[in-house]
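The values are calculated or read from the model by the stated rules, or taken from the named source; none is laboratory data. For clarity, every value in this text was computed on a predicted model and none was experimentally measured. All Cβ positions, even for glycine, are placed from backbone atoms using ideal geometry, and neighbour counts span all protein chains on display.
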Amino acid sequence: MQNKIALISVSDKTGIVQFAENLKSFGYQILATGNTAKLLGENGIDLINVSDFTGFPEIFDGRVKTLHPKIFGGILMRRDNVNDVKESEVNNIEQIDIVCVNLYPFKQVVDSPDSTTKDKIENIDIGGPSLIRAAAKNYESVSVLTSPSQYENFAEALAEGKVDIEYRKKLAAEAFSLTTEYDSFIADYFERELLKEPNHYRLNLKLNRKLRYGENPHQEAFLYGDFDKYFEVLHGKELSYNNIVDLVAAVEIVSELEPYSCAIIKHTNACGAASSGDTFNSYVNALACDPVSAFGGIVAFNSKVDEKTAHKLNEIFLEIIIAPDFSGAALEILKKKKNRRLVKILSNFEDINSIVKSIPGGILVQDKDKSVITDDMIKNVTERKCTDEELENLKFAWKICKHTKSNAIVFVKNKMAIGVGAGQMSRIDSVKLAANRAKEHGHDLAGAVAASDAFFPFPDGIEEMSSYGITSVIQPGGSIRDEEVIDAANKLNISMVFTGIRNFKH
């Protein structure tokens, strides 16, 4: 009678002793390699070392262990193929029915600052991916396990006689996904780190979950990757596609502001933002910018939300409240709104370096806009120099403007956004929209400052701002009509600074 054989060769030893014991209880003979065999043997599990099974020793410091016809023949032979069966008998090849393999931790080693190039190369697994691919290819007869998370379910399925072809097919799909991801990490390492020639852009993202729908109910949507590394939903119904897009935009804005700041987002644009040195007052001031648009919006804080702020937040309908932390009392108050989402920020976005957008036939990739404005970059270009207070408000306005859809104009007073013009086809339209928003909600623009995400192509934008009482402007500069714009500012006694950095956001 043909022996039932399971091959085990794992880098991650989590749960492997218990799994091997389960396989033994189902009558499987265990083949194991190197350190795996040592661990299993130390735990009293009867096994055969692969080198004894093949009659060939492990060589080259373990670089070659399983690459042998008796191993790969036992995995790949077709059980229902007469010629394969004959050849297996002639060559004394036994069927291997279960392959349990996980891979050297290549990515973790590459990501470690202490790893040398030799360390990284030695952690490129050769035999492991080959075993996995061979077993997955022959899923009609072979079960392939690549993660400790699979062991318990597989053992239960074995006990219930449910390890059928459909089950093995799912294991094979997971196996091929693993080796594809693993190989792409290696290819990226060679192209980007060794050759410095990134000729491919690879996305290795696992399905996190299917979302209820996309931007609209008739669109399917899926979340891939490690979103849960950055955010934890503490309360409320499932996040939607639009929720996720907006909450990311909210956190990106508020993360650039000083502590105890608040930003309110609607459709990725700020409809309110403020810094006051106090969480409660920052929210009150941010809400005052445009309380109508804030209804149903996303509120983000960069400091802990307290009880007093929670009571204030409960006064209107808000889709999401997101912060680094919430006091116990604040959570109790905010959870009274059943469907509102409460989200905790677990990590900042400093490790995100690229922005990806799909286009027909491919993707566009660009560096994430991590631009910052320092004092030595700010160039006064007008006769009247901005005051210290104006300068602080200009810096605040620039941060809000940077994260607002182009063409973007933001009016600020006392570190509080009081008018936002976003996504207009002409810059002067954005100026007018920002002013109208401010007036609608009772804000006095006299003495306010303004930020523009790109240069003014004509003096009309500055002239329009002056009519509202704007006293200072921050903009990139760089127009062929800069001198005309500067002349207009001088005539209107407006101070203006250039940054040299454009912040379009499409």
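For every residue, the table says whether it meets (1) assigned by TED's automatic domain parsing to the domain that holds Ala134; (2) assigned to a helix (DSSP H, G or I); (3) closer than 14 Å to Leu131 by Cβ.
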{"residue": "Thr66", "(1), (2), (3)": "yes, no, yes"}
{"residue": "Gly73", "(1), (2), (3)": "yes, yes, yes"}
{"residue": "Arg78", "(1), (2), (3)": "yes, no, no"}
{"residue": "Glu89", "(1), (2), (3)": "yes, yes, no"}
{"residue": "Ile93", "(1), (2), (3)": "yes, no, no"}
{"residue": "Tyr104", "(1), (2), (3)": "yes, no, yes"}
>> Can you pull out every residue in the range 331-342 that is in contact with a helix residue (DSSP H, G or I) (Cβ under 6 Å, 6 or more places away or on another chain) and closer than 18 Å to Leu247 by Cβ?
In response: Leu334, Leu342
>> Whether any residue in the range 52-63 is surrounded by 12 or more Cβ atoms within 10 Å (Cβ to Cβ) and at positive phi is what I want to check.
In response: yes
>> From the list Asp164, Asp188, exactly one residue is in the same structural domain as Lys13 (by TED's automatic domain parsing), surrounded by fewer than 19 Cβ atoms within 10 Å (Cβ to Cβ), of a type in the set (D, E, K, R) and over 23 Å from the mean Cα position of the chain (by Cα). Which is it?
In response: Asp164
>> Checking the condition free of Cβ contacts under 8 Å to residues at least 40 places away in the same chain, over 19 Å from Leu31 (Cβ atoms) and of a type in the set (A, V, I, L, M, F, W, C), which residue from Val163, Val85 passes?
In response: Val85
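Table: residues versus (1) at pLDDT 95 or above; (2) more than 39 Å from the chain's Cα centre (by Cα); (3) within 24 Å of His443 (Cα to Cα); (4) not assigned by TED's automatic domain parsing to the domain that holds His267.
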| site | (1), (2), (3), (4) |
| --- | --- |
| Asp460 | yes, yes, yes, yes |
| Glu463 | yes, yes, yes, yes |
| Ser466 | yes, yes, yes, yes |
| Gly469 | yes, yes, yes, yes |
| Ser472 | yes, no, yes, yes |
| Ile486 | yes, yes, no, yes |
| Asn490 | yes, yes, no, yes |
>> I want to confirm something. Restricting to the range 80-139 and keeping residues that are in contact with a strand residue (DSSP E or B) (Cβ under 8 Å, 6 or more places away or on another chain) and among the small types (Gly, Ala, Ser), which single residue is farthest from Ser184 (Cα to Cα)?
In response: Ala135
> Within the set of pairs 6+ apart or on separate chains, which have a first residue in the range 121-132 that is in the same structural domain as Gly74 (by TED's automatic domain parsing), a second that is among the basic types (Lys, Arg), and C-beta atoms under 7 Å apart?
Replying inline: Gly127/Lys65
>> Suppose we filter the range 231-270 for residues that are touching an Asp or Glu at 6+ places or on another chain (Cβ under 7 Å) and of a type in the set (Val, Ile, Thr); how many remain?
In response: 2
>> Anything in the range 15-53 that is within 38 Å of the chain's Cα centre (by Cα), in a loop (DSSP other than H, G, I, E, B) and modelled with pLDDT of 95 or more? List them, or say none.
In response: Gly15
> What tally of residues in the range 117-155 results from selecting those that are assigned to a helix (DSSP H, G or I) and either within 23 Å of Lys170 (Cβ to Cβ) or in contact with a His (Cβ under 9 Å, 6 or more places away or on another chain) (or both)?
Replying inline: 18
>> Restricting to the range 378-404, and then to whatever is polar (S, T, N, Q) and in a loop (DSSP other than H, G, I, E, B), can you tell me which residue is surrounded by the fewest Cβ atoms within 10 Å (Cβ to Cβ)?
In response: Thr387
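Looking only at helices (runs of 4 or more DSSP H) that fall completely inside the range 237-326, which ones have 1 or more residues that are hydroxyl-bearing (Ser, Thr, Tyr) and either free of Cβ contacts under 8 Å to residues at least 24 places away in the same chain or surrounded by fewer than 19 Cβ atoms within 10 Å (Cβ to Cβ) (or both)?
Ranges flagged: 241-254, 279-289.
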>> Condition check: closer than 25 Å to Ile355 by Cα, of a type in the set (Lys, Arg) and loosely packed, with under 14 Cβ neighbours inside 10 Å. Does Lys169 satisfy that?
In response: no
>> Taking the condition of being part of a strand (DSSP E or B), in contact with a Lys or Arg (Cβ under 9 Å, 6 or more places away or on another chain) and more than 22 Å from Pro476 (Cβ to Cβ), how many residues in the range 347-363 meet it?
In response: 2
> Looking at the range 422-437, is at least one residue on the phi > 0 side of the Ramachandran plot and among the basic types (Lys, Arg)?
Replying inline: no
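Would you mind stating whether His218 is under 29 Å from Ala175 (Cβ atoms), outside the structural domain of Ser184 (by TED's automatic domain parsing) and surrounded by fewer than 12 Cβ atoms within 10 Å (Cβ to Cβ)?
no
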> Quick one: Lys344 ticks every box in (1) assigned to a helix (DSSP H, G or I); (2) closer than 25 Å to Ser303 by Cβ bar one, so which box is it?
Replying inline: (1)
>> The conditions are (1) within 22 Å of Phe498 (Cβ to Cβ); (2) crowded, with 20+ Cβ neighbours inside 10 Å, and Leu445 fails exactly one of them. Which is it?
In response: (1)
>> Show me the helices (runs of 4 or more DSSP H) found entirely inside the range 405-506 where at least 1 residues are over 27 Å from Phe295 (Cβ atoms) and free of Cβ contacts under 8 Å to residues at least 24 places away in the same chain.
In response: 460-468, 482-491
> With respect to Gly73, is the statement that it is under 25 Å from Asn91 (Cβ atoms) and out of contact with any strand residue (DSSP E or B) (no Cβ under 6 Å at 6 or more places or on another chain) true?
Replying inline: yes
